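A short write-up of the structure that comes next.
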Amino acid sequence: MSPKRPQGVVMLLMLMVFDVSGAFVGITIGNDMSNLPSATDIVAILKEKKIQHVRLIDSDHQMLTALANTGIEVMVGVPNDQLLRVGQSRSTAADWINKNVAAYVPATNITYIAVGDEVLTNIPNAALVLVPALQFLQSALLASNLNNQVKISSPQSMDMISKAFPPSTATFNSTWNTIMSQYLQFLKDTGSSFMLNAQPYYGYVGGQGVFPLEYALFRSLSPNSQISDPNTNLFYTNMFDAIIDATYNSIQAMNFTGIPVLVTASGWPWHGGPNEKAATVDNALAYNTNLVRHVLNNSGTPSQPMNQSSTYIFELFNEDRRSGPVSEKSWGIMFPNATTVYSLSFEDVATTIPESPALRGMFCVANSSAPHSALKHSLDWACGPGSANCSAIQPGQPCYESDNIVAVASYAFNDYYHRTQASGGTCSFNGTAMITSTDPSHGSCIFAGSTGANGSDGGTASGPVSPDSFASKSQSCWLTHLVAAVLLIVVM
């Protein structure tokens with residue numbers, strides 16, 4: 001047996017584990033602000049918030065040094081104002097890689113390079129050098145033997161898609177067909193991802209009332225507001241998924257497949273001017289909380305249920321020097337002085353908080369005499385900032401009832417109560433909920449705390465096993481058998 005064989009097998013196993021590890025949530029750090037905290041302070045914040053993935057808009061050397069030996073995965077950026085030089089000179093590209101990547105790895109875990117930002121829509125005069133820049137940088141990575149560790153792509157704007165809804169008929173703006181085809185071929189050849197800045201806030205504001213706010217914020221929709229693709233009959237419970245699917249379909253319309261979508265920016269402004277009514281702290285908290293949960297539950301999208309899109313939240317700090325309306329300066333979850341705008345967890349709270357065993361046989365359900373408008377408000381809170389696991393009450397899931405808000409709200413209220421009662425959570429919801437010992441479970445819709453016919457002992461309050469949970473378990477089982485087979489080969 002060749003002495004190099006075990007190393008190759010180990011690398012294969014590492015790649016297999018990477019492929020099934022699921023999606024992650026990271027955060028973007030901009031630099032267009034008056035007083036940016038020190039690099040060491042920023043890294044301390046990342047550690048405190050347990051953020052393991054960060055996107056730097058540039059390649060700040062102090063940040064790259066401070067991130068060394070932390071294990072945090074880093075995406076560095078080639079700013080738009082450097083793109084022309086990099087795309088016109090192979091030696092300049094090589095110099096960029098040497099100074100901003102090779103000089104810092106492996107201590108700093110650089111895994112991605114974002115080349116420019118929304119180049120085709122923001123600086124169209126640089127469009128012709130975009131693909132050459134990608135190619136020159138890739139050649140430099142090959143020369144430095146870093147092409148397996150570091151991938152290269154370029155974040156694109158939603159504006160690249162001419163008409164995003166319905167997703168099934170979405171296509172890229174034909175003006176850029178030639179460059180987009182070259183860009184997609186580069187991604188395919190290098191095994192990289194299509195980087196997308198997916199901002200439902202802009203979609204909601206630009207839609208001028210076409211889509212309800214709840215749809216943009218991942219909140220539950222009323223029976224009369226359900227949104228579906230007329231060509232596929234797939235239901236969309238949120239705008240984020242529709243944007244992702246529109247991107248996949250646009251890629252497929254260019255005759256490319258197998259290119260994953262990586263969301264390089266998604267968030268919501270917490271403050272705006274007099275005419276920016278949707279830019280509020282409550283909406284920003286709801287959107288980002290729900291976004292974190294949605295990405296980490298690995299549920300994919302309606303048309304791509306097995307393709308999870310990792311996402312970088314935009315952004316860590318408010319950038320007070322950004323041009324444009326007030327909202328453009330107010331996307332951060334923190335102020336530059338490191339105080340918090342609102343508290344955001346980067347963990348999937350809905351699956352990490354255990355149920356209290358003392359609550360078995362007790363249920364928190366909606367009060368049927370409460371006004372439906374009040375129930376809807378409480379339901380939105382439970383599934384948003386309350387961090388209840390509401391996957392089972394989405395269309396097509398066991399506890400979904402389009403015309404029964406009492407039943408739907410009861411599932412969400414109960415899930416929240418069972419997860420949080422031990423740490424102070426109550427069954428109140430502004431008077432729209434009450435405690436009962438009557439088990440509301442029915443059919444395959446099993447409520448947390450149930451000890452009914454399904455044999456549940458109360459366990460976790462995750463509700464019925466979703467197809468995605470089954471898929472995850474199947475992947476784990478498949479991986480176990482494959483690893484065993486490969487190890488058998490090693491010892492032969």
Amide N proximity, region 186-214 versus GLN252 label position 7 Å along Cα-to-Cβ, cut-off under 17 Å: 194
Calculated from backbone phi, Karplus (6.51, -1.76, 1.60) coupling profile of region 367-382 in Hz, x at Gly/Pro: 7, 5, 8, 6, x, 4, 5, 5, 4, 4, 5, 5, 5, 4, 5, 4
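What percentage of the solvent-accessible surface of region 360-436, computed with a 1.4 Å probe over protein heavy atoms, is contributed by carbon and sulfur atoms?
On the way: 1530 of 3040 Å².
Here carbon and sulfur together make up 50 percent of the probe-accessible area.
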Packing-based order for 99-112, 269-282, using average beta carbon neighbours within 10 Å, highest first: 99-112, 269-282
Solvent-accessible surface (1.4 angstrom probe) belonging to HIS377, in square angstrom, nearest 10: 120
Amide hydrogen neighbours beyond the local backbone of THR264, cut-off 5 Å, H modeled: LEU196, ASN197, ALA198, TYR312
GLU214, GLU319, ranked by accessible area, largest first (probe 1.4 Å): GLU214, GLU319
Phi to ³J(HN,Hα) by Karplus 6.51 cos²θ - 1.76 cosθ + 1.60 over region 403-418, Hz, x for Gly, Pro: 10, 9, 5, 5, 5, 5, 5, 4, 4, 5, 4, 5, 4, 4, 4, 5
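I need the trypsin sites (Lys or Arg not before Pro) found in region 147-247, filtered to DSSP loop residues with at most 12 other beta carbons within 10 Å of theirs. Don't jump to the answer; show the numbers that get you there.
On the way: sites: LYS151, LYS163, LYS188, ARG219; in loops: LYS163, ARG219.
Counting only loop positions with at most 12 other Cβ atoms within 10 Å, the trypsin sites (Lys or Arg not before Pro) in region 147-247 are LYS163.
Express the accessible area of region 360-436 per residue in Å², computed with a 1.4 Å probe while the remaining protein chains stay in the model. Mind dumping the intermediate values first?
Values: 3040 Å² over 77 residues.
Result: 39 Å² of accessible area for each residue.
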ILE259 - accessible surface, heavy atoms, 1.4 Å probe, Å² rounded to 10: 10
Extension gain from ILE123 to ASN275, taking 0.36 nm per residue of separation minus the Cα-Cα distance: 52.0 nm
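Sorted by accessible area (1.4 Å probe), largest first, how do THR257, THR28 line up?
Working: THR257 90, THR28 0 Å².
Largest accessible area first, the list is THR257, THR28.
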Shape category assigned to region 31-166 from the gyration tensor of Cα positions, a/c cut at 1.5: oblate
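Determine the equivalent ellipsoid of region 25-334 by diagonalising the alpha-carbon gyration tensor, then write out the semi-axes as square roots of 5 times the eigenvalues, largest first, rounded to whole Å.
Values: eigenvalues 182, 116, 63 Å².
Its equivalent ellipsoid spans semi-axes of 30, 24, 18 Å.
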Neighbourhood charge, 11 Å Cβ-Cβ cut-off, centred on VAL326 and excluding it, Lys, Arg +1 and Asp, Glu -1: -1
Probe 1.4 Å, all protein chains present, accessible-area order of GLU73, GLU347, GLU48, largest first: GLU48, GLU347, GLU73
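Could you work out the local net charge near CYS445, counting Lys and Arg as +1, Asp and Glu as -1, over the other residues with Cβ closer than 12 Å to its Cβ?
Values: positive: none; negative: GLU401, ASP415, ASP439.
Summing Lys and Arg as +1 and Asp and Glu as -1 gives -3.
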Approximate spin-label separation THR438-ASP159, in nm, with each point projected 7 Å along Cα-to-Cβ: 5.6
Placed amide H near SER154: partners under 5 Å, 5+ positions off or other chain: VAL115, MET195
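The values are calculated or read from the model by the stated rules, or taken from the named source; none is laboratory data. From a predicted model like this one, the values you see are computed outputs, not experimental measurements. So basically every Cβ, Gly included, is an ideal-geometry build from the backbone, and we count neighbours across all protein chains shown. These accessible areas exclude ligands, DNA and RNA; they are computed on the full protein's heavy atoms, side chains included. Shrake-Rupley method; radii C 1.70, N 1.55, O 1.52, S 1.80 Å.
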